[in-house]
Amino acid sequence: MDFQLSRSEKKRRAKGLEQLVRELTDLAPGEIASLPCDEEIRKEITAAKNCKGGARQRQLKYATKLLRDKPVEELYDFMARKKGSMLKDKREFQELEHFRNLLISEALQQYDESRNDNGYFNDTDPGDFLHDTEILRTIVKQLPEVDQALLKNAAMQFARTRNRKYSRELFRIMKAAMEKAQFSQLQDKKNGL
């Protein structure tokens, strides 16, 4: 399965980064100086802060372009600590939606391929359904706490029935795994590990 992002998904992510840069320009100069990023990006954010109108927009877009290929998790964390920004939550939500959509696409494709010559569907064994697919490995890598059996079952149920309730269930399973991993990280930090 190809994991390339669609053009609209790329645009959504770019808009999210641009919103991050916009919020970074609203910080005080001392806070900008303490940002966990390259000096060049700090300089561009400071330059955007001092511009108005179209020049500001160009500067924001340029700073966004610089951030596009760099890890930005630390900046999202920084903004969440400083301003209680919801950008990180929104980004995580969109990432989970993306995983869910990829998993559903893979499940539908695999279920459609399980048709026999008469056009009827063979009963797909839950153990074989989505067995060791690339998308499942990616999800497990990102969310180690996720219950693979529940994911496979919900994906199979969605492929069979096309009922949105199973799509929402997939999202809930992945969100619970993400929250569990975040809680574990907080506990580890608290315990000094």
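Things worth noting here:
- Here the chain exposes an accessible surface that is 47 percent carbon and sulfur, computed with a 1.4 Å probe and the other protein chains kept in place.
- Pairwise Cα distances in the chain exceed 23 Å for 55 percent of all pairs.
- Solvent-accessible surface of the chain, averaged per residue with a 1.4 angstrom probe and all protein chains in place: 63 square angstrom.
- Sparse-neighbour loop sites [trypsin sites (Lys or Arg not before Pro); region 158-193; at most 16 other C-beta within 10 Å; DSSP]: Arg162
- Taking the helices alone, the chain has a mean residue ellipticity at 222 nm of -23500 deg cm²/dmol, built from -39,500 (n - 2.57) per DSSP H run of at least 4 residues and averaged over all its residues.
- Radius 9 Å from Cβ of Asp26, net charge of other residues (Lys, Arg +1; Asp, Glu -1): +2
- Note on Cys51 and Glu179: their simple-model spin labels are 4.1 nm apart, each label 7 Å out from Cα toward Cβ.
- Distant-in-sequence amide H partners of Cys37 (H built 1.01 Å from N, under 5 Å): none
- Whole-angstrom gap from region 21-51 to region 152-172, using each part's C-alpha centre: 43 Å
- Nearest-0.05 FRET efficiency for Asp26 and Arg168, computed from C-beta distance (R0 45 Å): 0.80
- Summed side-chain charge close to Arg164 - residues other than Arg164 whose Cβ falls under 15 Å, Lys, Arg +1, Asp, Glu -1: +4
The values are calculated or read from the model by the stated rules, or taken from the named source; none is laboratory data. Because the structure is predicted, anything quoted here is derived from the model rather than measured. Because the Cβ atoms are built from the backbone with ideal geometry, glycine has one as well, and the counts that use them run over all protein chains shown. What goes into the accessible areas is simple: the full protein's heavy atoms, side chains included, and nothing from ligands, DNA or RNA. Shrake-Rupley method; radii C 1.70, N 1.55, O 1.52, S 1.80 Å.
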